[in-house]
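The values are calculated or read from the model by the stated rules, or taken from the named source; none is laboratory data. Nothing here was measured: the structure is a model prediction, and the numbers come from that model. Cβ coordinates were reconstructed from backbone atoms using ideal geometry, including for glycine residues, and neighbour counts include every protein chain displayed.
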Amino acid sequence: MNFDVYKIRKDFPILDRKIYNKPLVYLDNGATTQKPACVIDCINDFHTRRNSSIHRGLHYLSEQATESYEAARKTVQEFINARSSREIIFTSGTTGSINGLALSFGEKYINEGDEILITAMEHHSNIVPWQMLCERKKAVLRVIPFNDEGELLMDEYEKLLNDKTRIVAVIHVSNTLGTVNPVEEIVSKAHQRGIPVLVDGAQSVQHLEVDVQKMDCDFFVFSGHKTYGPTGIGVLYGKEKWLEEMSPFQGGGEMVENVTFEKTTYNEVPFKFEAGTTNYIGAIALAEALKYIDKTGKQSIADHESELLKYATERIGESADIKIYGTAKDKISILSFLINNIHPYDAGMIFDKMGVAVRTGTHCAQPVMNRYNIDGTIRASFALYNTMEEVDTLCRAIEKVRSLLS
Amino acid sequence: MKEINEIQEDIINEFGLFDDWMDKYEYLIDLSRDVPLIDPKFKNNDHLISGCQSKVWLHADYNDGRIYFSADSNALITKGIIALLIRIFSGRTPEEIINTDLYFIDRIGLRQNLSPTRSNGLLAFIKQIRNYAVAYNIKYKKG
């Protein structure tokens, strides 16, 4: 397929904006991505003409809405190649997915002295829910370290796996370093001991082909708003056997089969995990975003973003006063760096006034910053609509920061 | 010594000379050198006002009815704004500090630096200045 970034940019209305009278250069896609017009129109159209609560009413609008919602589930299933749409649970986002999983999985399978294994490059959302679980259950959180390049130490991983390990929870692509972790190998090593694996795909599913069957992970989570969809919607994929065994993480309407004051029986998978009125418009708009990615072509997107990262790494990295954090062999879409001893906050302020949006700080991954003994970094993160010219603007912004602060 | 509001007007006039944001930042970066630096022995967690991004340290001395501030920050633009705040508040009585309506930040276009989501510690810094004033006011009024 012919990938024309300038044509693609026309699909994203916000990219036309001027910030302080300068063209917006949006390089904060790791935090959230912008939305194509088809997603915005979908949300608008649903509210304007199609809105009705799902799964409850018998009337026309409700049936149509339910159908769209279940079609969205099917779209997600196909997007990550799950076996069945019953394995797709809609949540509020990656954080909601992991918290729900930690509650339900933890309640059933975690006991005192058990171990939960994560990596040292997790986003806080894949640390704190497990820490809270450990506190409740007197379980132990163990951490797989990584090297200076930002690659997991797989030998250490194998040493950490033991008879007490109950679950392994790993970030697929580091939101700070860009490292693509070898999740298939991680899963296979864990499965040799019968241990399930959660893969946090918040920074992966929008950039590379994800096939949960090939990966063979037990759980996979991601957010709508980082995949060109709306905020407040996300996905928890789980192998059906786990979802059948686990109890719901929230109680309420829709997730039940039968309710009396003595006893409630739960609805079937996946509905038992979707209590209350779900964010059905979010789910439907997310499906629209995933279709947009499919239509654009996952491979074309990956190739384009890989060129952007390569160009940015070469141009920015060639200066002696710049240190890049995260130089793994397998790396995508994210460039974390520091300019000399300039504080990232100062740099971010100056970038902002040049219309360049980047993230500065710890990126919700303080342990990564501690590993390198730094306060934070400047992070440029790329999406399918970014251009080489925008990388050039970023370089000019770096030049400006240098001239003001060095 | 000038009144607090006279100094606020001075600052507004100084910044009025700049049309361009970069010039404002350049000026703030220059000003950052004027901050009376906190004694290294006070540059510890007790005096740290922690934002998510830049760190700020603040210390207060009370002398003859007036409060004198010293501070530091690891980000220079933040430190430049601190220099302005210290220019306004240092050497004042607790009552003067408590009764100040701090309006210059808005007027020079730096308001975004003080929003609660802006985690540079400046909002907490101003609050801490007022806390010192309130504390000294109570301590020495009663005494």
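Looking only at residues in segment A:332-361 that are hydroxyl-bearing (Ser, Thr, Tyr) and more than 7 Å from chain B (Cβ to nearest Cβ), the one that is surrounded by the fewest Cβ atoms within 10 Å (Cβ to Cβ) is A:SER333. When segment A:362-403 is filtered for residues that are buried (at least 19 other Cβ atoms within 10 Å of the Cβ) and either aliphatic (A, V, I, L, M) or not assigned by TED's automatic domain parsing to the domain that holds A:ASP321 (or both), the ones remaining, listed by number, are A:ALA365, A:VAL368, A:ILE378, A:ALA380, A:ALA383, A:LEU384, A:VAL391, A:LEU394, A:ALA397, A:ILE398, A:VAL401.
Anything in segment A:46-80 that is surrounded by fewer than 18 Cβ atoms within 10 Å (Cβ to Cβ) and not in a helix (DSSP H, G or I)? List them, or say none. If the condition is that a residue be surrounded by fewer than 18 Cβ atoms within 10 Å (Cβ to Cβ) and not in a helix (DSSP H, G or I), then A:ASN51, A:SER52, A:SER53, A:ARG56, A:GLY57, A:LEU58, A:HIS59 are the ones that fit. In segment A:112-147, of all residues being touching a residue at least 12 places away in the same chain (Cβ under 8 Å) and out of contact with any strand residue (DSSP E or B) (no Cβ under 8 Å at 6 or more places or on another chain), the one that is surrounded by the most Cβ atoms within 10 Å (Cβ to Cβ) corresponds to A:PRO129. Screening segment A:384-406 for residues that are hydroxyl-bearing (Ser, Thr, Tyr) and not in a helix (DSSP H, G or I) and picking the one that is nearest to the other protein chains (Cβ to nearest Cβ) gives A:SER406.
Please enumerate the residues belonging to segment A:285-310 that are small (Gly, Ala, Ser), over 30 Å from A:HIS47 (Cα atoms) and surrounded by 21 or more Cβ atoms within 10 Å (Cβ to Cβ).
First, the residues of segment A:285-310 that are small (Gly, Ala, Ser): A:285, A:287, A:289, A:297, A:300, A:302, A:306.
Still in the running and over 30 Å from A:HIS47 (Cα atoms): A:300, A:302, A:306.
Within segment A:285-310, none qualify.
Residue count for segment A:362-383, restricted to those that are within 23 Å of the chain's Cα centre (by Cα) and within 9 Å of chain B (Cβ to nearest Cβ): 2.
Say we look at segment A:250-292 and pick out the residues that are among the basic types (Lys, Arg) and under 24 Å from A:GLU78 (Cα atoms); which of these is farthest from the chain's Cα centre (by Cα)? Step through it out loud before you land on a result.
In the first step, residues of segment A:250-292 are kept if they are among the basic types (Lys, Arg); the result is A:263, A:272, A:291.
From the residues that got through so far, the ones that are under 24 Å from A:GLU78 (Cα atoms) too are A:272, A:291.
On the way: A:LYS272: 24, A:LYS291: 17 Å.
Across segment A:250-292, the extreme among qualifying residues is A:LYS272.
Is it fair to say B:GLY121 is surrounded by fewer than 16 Cβ atoms within 10 Å (Cβ to Cβ) and modelled with pLDDT under 90? In short, no. The numbered conditions (1) modelled with pLDDT under 90; (2) over 24 Å from B:LYS2 (Cα atoms) are all true for B:GLY109 except (2). When segment B:45-95 is filtered for residues that are outside any loop (DSSP other than H, G, I, E, B), more than 14 Å from every other protein chain (Cβ to nearest Cβ) and within 16 Å of B:ILE7 (Cα to Cα), the ones remaining, listed by number, are B:ALA83, B:LEU84, B:LEU85, B:ILE86, B:ARG87, B:ILE88, B:PHE89, B:ARG92.
For segment A:25-45, the candidate set comprises residues that are more than 20 Å from the chain's Cα centre (by Cα) and assigned to a helix (DSSP H, G or I); within that set, the residue that is farthest from A:LYS226 (Cα to Cα) is A:ASP45. Restrict the check to segment A:189-204 and report whether at least one residue is outside the structural domain of A:LEU338 (by TED's automatic domain parsing), modelled with pLDDT of 95 or more, closer than 17 Å to A:ILE332 by Cα and out of contact with any strand residue (DSSP E or B) (no Cβ under 7 Å at 6 or more places or on another chain). No - not one qualifying residue is present in segment A:189-204.
Tell me whether segment B:2-18 contains one or more residues that are under 29 Å from A:HIS363 (Cα atoms) and within 14 Å of chain A (Cβ to nearest Cβ). Please lay out each step first, then the result.
Of the residues in segment B:2-18, the ones under 29 Å from A:HIS363 (Cα atoms) are none.
The answer is no, given that none of the residues of segment B:2-18 is under 29 Å from A:HIS363 (Cα atoms) and within 14 Å of chain A (Cβ to nearest Cβ).
Hey, does segment A:247-260 have a residue that's assigned to a helix (DSSP H, G or I), surrounded by 18 or more Cβ atoms within 10 Å (Cβ to Cβ) and not hydrophobic (A, V, I, L, M, F, W, C)? No: zero hits.
Determine whether segment A:4-16 contains at least one residue that is assigned by TED's automatic domain parsing to the domain that holds A:VAL356, in a loop (DSSP other than H, G, I, E, B), farther than 23 Å from A:ILE301 by Cα and out of contact with any Ser or Thr (no Cβ under 8 Å at 6 or more places or on another chain). No; the residues of segment A:4-16 include none that is assigned by TED's automatic domain parsing to the domain that holds A:VAL356, in a loop (DSSP other than H, G, I, E, B), farther than 23 Å from A:ILE301 by Cα and out of contact with any Ser or Thr (no Cβ under 8 Å at 6 or more places or on another chain). Based on what the data block shows, is A:SER85 hydroxyl-bearing (Ser, Thr, Tyr), at pLDDT below 95, under 24 Å from A:GLU274 (Cα atoms) and not assigned by TED's automatic domain parsing to the domain that holds A:PHE351? When the stated conditions are applied, A:SER85 does not pass them. The set of residues from segment A:81-95 being farther than 18 Å from A:GLU244 by Cβ and surrounded by fewer than 23 Cβ atoms within 10 Å (Cβ to Cβ) comprises A:ASN81, A:SER92, A:THR95. Looking at this structure, is A:THR313 more than 14 Å from every other protein chain (Cβ to nearest Cβ), more than 24 Å from the chain's Cα centre (by Cα), of a type in the set (Val, Ile, Thr) and surrounded by fewer than 24 Cβ atoms within 10 Å (Cβ to Cβ)? It is false that A:THR313 is more than 14 Å from every other protein chain (Cβ to nearest Cβ), more than 24 Å from the chain's Cα centre (by Cα), of a type in the set (Val, Ile, Thr) and surrounded by fewer than 24 Cβ atoms within 10 Å (Cβ to Cβ). Beta carbons closer than 9 Å, at least 6 apart along the sequence or on distinct chains, pair a first residue in segment A:56-78 that is under 19 Å from A:ILE43 (Cα atoms) with a second that is of a type in the set (Asp, Glu) and at pLDDT 95 or above for A:ALA72/A:GLU288; A:THR75/A:GLU288; A:THR75/A:ASP294.
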